[in-house]
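The values are calculated or read from the model by the stated rules, or taken from the named source; none is laboratory data. It should be emphasised that the depicted structure is a prediction, and the values quoted were computed from it without experimental measurement. Cβ: placed from backbone, ideal geometry, glycine included. Neighbour counts: every protein chain shown.
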Amino acid sequence: MQLDIHRHLGAVERSVTDTEREGRPARAVALSRTYPTGIEDLWDAVSNRERLPRWFAPVTGTLEPGGRFQVQGNAGGTITECDPPRRFAATWEYGGDVSWIELRLDPVGEDTARLTLTHTAHPSEFWEKFGPGAVGVGWELGFLGLALHLDRPDAPRVDEAEFAASEDGTTFSRTSAHAWGEADIAGGAAPEQARGAARRTADFYTGVTPDEA
């Protein structure tokens, strides 16, 4: 499959802001992209358990407010809010840490809608090491998968490992990681710290060990 990687990267808007969660300082990582489909279809793509595996991952559990869910091979959590087809919020629990996600959908036109995902977390050693790209790159890969799914709904999902090892995959992950570093700087982070974290994130996603960097 031929992908215009830079077009997909350029379609995403990124921001990193200071906020507060549960009375403690937090950082909010947000990305948004406009898709060529109506808001109802976009909502179905991000909430229908039959469509989620075609671009994201299988999700099990109770997909309604108060219900617990589990993303195969990834995080689980509790759905805290659901307002179809506009908004969805949940905890994001992984490795003993709890953070929060929110998806917001906005109509742009009759056949165009915008998806904004915000992932909020308390600062930690992990954040200091990898910065916002640690979650930003992963979600951006998801946004890419969603774009491919909406373009060809019945096509098989792109093999993640194959894509990650390809030249396109390496370019995508590195460019995304560095873009998140710049978004972190725009959000008030020290440039040296933010760009160092972006390099470490890029190395992680492309399989570079510290000795090879």
Evaluate the stretch 116-131: report whether one residue or more is within 19 Å of Ser15 (Cα to Cα), in a strand (DSSP E or B) and basic (Lys, Arg).
no
Checking His8 against (1) under 23 Å from Ser173 (Cβ atoms); (2) touching a strand residue (DSSP E or B) at 6+ places or on another chain (Cβ under 7 Å), which single condition isn't satisfied?
(2)
Test: Trp43 is under 28 Å from Glu167 (Cβ atoms) and aromatic (Phe, Trp, Tyr):
no
Would you point out the residue of the stretch 1-57, among those that are β-branched (Val, Ile, Thr) and within 30 Å of Ala197 (Cβ to Cβ), that is surrounded by the most Cβ atoms within 10 Å (Cβ to Cβ)?
Val29
Applying the selection to the stretch 162-183, what residues are β-branched (Val, Ile, Thr) and farther than 18 Å from Gly131 by Cβ?
Thr170, Thr171
With the first residue restricted to the stretch 44-73 and required to be on the phi < 0 side of the Ramachandran plot, and the second required to be of a type in the set (Ser, Thr, Tyr) and surrounded by 14 or more Cβ atoms within 10 Å (Cβ to Cβ), Cβ contacts under 6 Å at 6 or more apart or on different chains are Arg68/Thr78
Does the stretch 102-112 contain at least one residue that is polar (S, T, N, Q) and surrounded by fewer than 16 Cβ atoms within 10 Å (Cβ to Cβ)?
yes
Taking the stretch 19-44, which residues are closer than 15 Å to Trp139 by Cα and in contact with a helix residue (DSSP H, G or I) (Cβ under 8 Å, 6 or more places away or on another chain)?
Val29, Leu31, Arg33
Restrict the check to the stretch 21-29 and report whether at least one residue is under 25 Å from Pro107 (Cα atoms) and more than 15 Å from the chain's Cα centre (by Cα).
no
With over 14 Å from the mean Cα position of the chain (by Cα), closer than 25 Å to Arg152 by Cα and assigned to a strand (DSSP E or B) as the only criterion, which of Thr37, Thr60 stands out?
Thr60
From the options Trp139, Trp127, Trp180, residue that is surrounded by 13 or more Cβ atoms within 10 Å (Cβ to Cβ), at pLDDT below 95 and in contact with a strand residue (DSSP E or B) (Cβ under 7 Å, 6 or more places away or on another chain)
Trp127
Within the stretch 45-67, which residues are touching a helix residue (DSSP H, G or I) at 6+ places or on another chain (Cβ under 7 Å) and of a type in the set (Val, Ile, Thr)?
Val59
Any chance the stretch 151-169 includes a residue that's in contact with a Gly (Cβ under 8 Å, 6 or more places away or on another chain), touching a residue at least 60 places away in the same chain (Cβ under 8 Å) and part of a helix (DSSP H, G or I)?
no
Going by the conditions given, is Gly109 within 28 Å of Pro84 (Cα to Cα), more than 18 Å from the chain's Cα centre (by Cα) and not aliphatic (A, V, I, L, M)?
yes
